[in-house]
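Here's the structure, in structure tokens; my notes come after.
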Amino acid sequence: MKNLIPYLFLTLCLFQNPAYAGNLEAGKKKAQAVCAMCHGLDGQATTAGNSAIMPNITAQQKDYMIAKLSGYKSGKIQHPQMSIIAQMLTDEEIENVAEWYSRIKITILLPEG
């Protein structure tokens, strides 16, 4: 039994629990209403907020986005705009927005040369 514990732990880590999955459609709607002005609905900062310091968030890891947005919301991370915006989001909305942006697929093309 003792030998099975590492395998059980690994199995639990590899498979996400659907109960903790964000709502993709709700995430899209919230991203469209709150995030898209600066980050774009596709996560590419090409709209009104586009600048050299506006990050693209396409296909960003879900847990990373949740941690960052939660940090802005709690005040652990300070940013003039993001701290205000994150405080407008519930924890569920943060989860949903992170679900939306993390599920966007990208293709990487290496330069030819």
Out of S70, S74, sole residue that is among the hydroxyl-bearing types (S, T, Y) and buried (at least 16 other Cβ atoms within 10 Å of the Cβ): S70
Residue match in the stretch 41-58 (condition: modelled with pLDDT of 95 or more and charged (D, E, K, R)): no
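Evaluate the following for S83: is it touching a residue at least 40 places away in the same chain (Cβ under 8 Å) and touching a Phe, Trp or Tyr at 6+ places or on another chain (Cβ under 9 Å)? Break it down into steps so the answer makes sense when it comes.
Working: touching a residue at least 40 places away in the same chain (Cβ under 8 Å): no; touching a Phe, Trp or Tyr at 6+ places or on another chain (Cβ under 9 Å): yes.
Criteria not met by S83.
Going through I57, I94 one at a time, which residue ends up being surrounded by 13 or more Cβ atoms within 10 Å (Cβ to Cβ), β-branched (V, I, T) and in a helix (DSSP H, G or I)? Write out each step before concluding.
Working: I57 fails: in a helix (DSSP H, G or I).
None of the other options fit; the residue is I94.
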Residue in the stretch 14-27 that is loosely packed, with under 15 Cβ neighbours inside 10 Å, at pLDDT below 95 and of a type in the set (D, E, K, R) present: no
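The values are calculated or read from the model by the stated rules, or taken from the named source; none is laboratory data. This is a predicted model, so every value here is computed, not measured. All Cβ positions, even for glycine, are placed from backbone atoms using ideal geometry, and neighbour counts span all protein chains on display.
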